[in-house]
Amino acid sequence: MVGGRSIALAGCVSALALLSSAGTYAAGTDRTPPVFAGLKSAVTCIPGPVGVERTSSFHLVWPAAKDNVTPSRRIVYDIYQAKSPGTENFSRATYTTRRGATQFATPPLPSTETYYFVVRARDAAGNRDHNRRERPAMNLCV
């Protein structure tokens, strides 16, 4: 039996090594970013006059991204916020969602400012799509 244990142990070690290298191989070679259509809408509802003291969260919505390795439920989304069109800083996300999210509510923002948003999908290997689909934040109640 000692020899049998030895073979069984060697088999387990080989299986673990194979699983370990497969995980490393998959993560190390996934260089394909997710396929993502981008942000669909960014809206809020501030009834009445907009004033300096009023704030509101903006609700962002998008369709789920698809990836060749990472399931949609594990994709995270980086959100970029700017005060004028085309000025998002893509080197640093303003917000990052939990995995699998397809919507996000910003913290309360001053109602007197104008905001623009871009959302990008990021897979488990860190690949990020490069869409520039920008949406202006809209107040549906004025």
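Only one of (1) at pLDDT 95 or above; (2) more than 18 Å from residue 35 (Cβ to Cβ); (3) of a type in the set (A, V, I, L, M, F, W, C) is not met by residue 140, so which one is it?
Failing condition for residue 140: (1).
Based on this model, can you work out whether residue 105 counts as modelled with pLDDT of 95 or more and among the hydrophobic types (A, V, I, L, M, F, W, C)?
Answer is yes for this residue.
Condition check: at negative phi and at pLDDT below 95. Does residue 70 satisfy that?
Answer is no for this residue.
Name the residues in the stretch 103-125 that are touching a Phe, Trp or Tyr at 6+ places or on another chain (Cβ under 6 Å) and farther than 30 Å from residue 48 by Cβ, would you?
Going through the stretch 103-125, the residues touching a Phe, Trp or Tyr at 6+ places or on another chain (Cβ under 6 Å) turn out to be 106, 118-119, 121.
Scanning the stretch 103-125 gives a single hit, 121.
The values are calculated or read from the model by the stated rules, or taken from the named source; none is laboratory data. Owing to the predicted nature of the structure, the values given are computational and were not obtained by experimental measurement. For neighbour counting, all protein chains shown are included, and Cβ atoms are generated from backbone atoms with ideal geometry for every residue, glycine included.
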